[in-house]
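*Asks:* After the structure tokens below, expect a handful of questions from me.
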Amino acid sequence: MTAENGLAADTPDSPVTFINVFEISADELDAFVEKWEERARLMREKPGFIDSRMHRARSSDSRFQLVNVSHWESQEAWEAATADPDFASRTRAAREQTARPVTPNPAVYDVVVDLTAP
């Protein structure tokens with residue numbers, strides 16, 4: 001924990017947030033989300049999984065039509081889960097099954113500021 005803000009340090013066993021923003025054609029969203037949910041169910045069974053939410057842009061003009069936010073107990077748990085060959089093949093297939101390219105932008109993040117309502 002840092003003294004100034006009380007947030008966990010980025011140690012290998014500290015919780016992490018995985019965020020993946022997708023550039024995808026608005027007309028392919030529904031089919032992609034359906035397949036994403038199938039892949040997410042695989043992740044839900046993995047050790048260290050906490051939760052996951054897929055967010056959809058309200059405007060079809062948004063660059064990133066989908067934003068996935070998932071929480072994991074640790075970086076190690078996330079890495080082990082995403083190394084699953086079945087998950088990797090389903091992820092690759094999901095990108096290849098669209099008429100136009102889907103561009104994922106995945107990364108693991110640590111919280112640096114945490115605000116709540118007063």
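The values are calculated or read from the model by the stated rules, or taken from the named source; none is laboratory data. Bear in mind the structure is a predicted one, so any value in this text is a computation, not a measurement. All Cβ positions, glycine included, derive from the backbone under ideal geometry; neighbour counts span all protein chains shown. Note: areas computed on protein heavy atoms with side chains; ligands, DNA, RNA excluded. Shrake-Rupley method; radii C 1.70, N 1.55, O 1.52, S 1.80 Å.
*Asks:* Could you list all residues from the range 34-51 that are crowded, with 17+ Cβ neighbours inside 10 Å and over 14 Å from Thr91 (Cβ atoms)?
*Replies:* Gly48, Phe49
*Asks:* Related question: For the range 53-66, give me each residue that is open to solvent by 40 Å² or more (accessible area, probe 1.4 Å) and touching a strand residue (DSSP E or B) at 6+ places or on another chain (Cβ under 8 Å).
*Replies:* Arg53, Met54, His55, Arg56, Arg63, Phe64
*Asks:* Residues in the range 83-118 that are part of a loop (DSSP other than H, G, I, E, B) and either without any contact (Cβ under 8 Å) to a residue 40 or more places away in the chain or open to solvent by 100 Å² or more (accessible area, probe 1.4 Å) (or both): how many?
*Replies:* 11
*Asks:* Something else: Look through Phe22, Phe32 and report the one residue that is in a strand (DSSP E or B), aromatic (Phe, Trp, Tyr) and in contact (Cβ under 8 Å) with a residue 60 or more places away in the chain.
*Replies:* Values: Phe32 fails: in a strand (DSSP E or B).
Phe22 is the lone residue from the list that is in a strand (DSSP E or B), aromatic (Phe, Trp, Tyr) and in contact (Cβ under 8 Å) with a residue 60 or more places away in the chain.
*Asks:* Just the residues that are open to solvent by less than 40 Å² (accessible area, probe 1.4 Å), under 18 Å from the mean Cα position of the chain (by Cα) and either at pLDDT below 90 or closer than 19 Å to Ala81 by Cβ (or both), please, taken from the range 1-21.
*Replies:* Ser14, Val16, Thr17, Phe18, Asn20
*Asks:* Right, another one. If I go through the range 68-82 residue by residue, how many of them are open to solvent by 40 Å² or more (accessible area, probe 1.4 Å) and either on the phi > 0 side of the Ramachandran plot or β-branched (Val, Ile, Thr) (or both)? Spell out the reasoning first.
*Replies:* So in the range 68-82, the residues open to solvent by 40 Å² or more (accessible area, probe 1.4 Å) come out as 71, 73, 75-76, 78-80, 82.
Next, from what is left, pick out any that are either on the phi > 0 side of the Ramachandran plot or β-branched (Val, Ile, Thr) (or both): 82.
Qualifying residue count for the region: 1.
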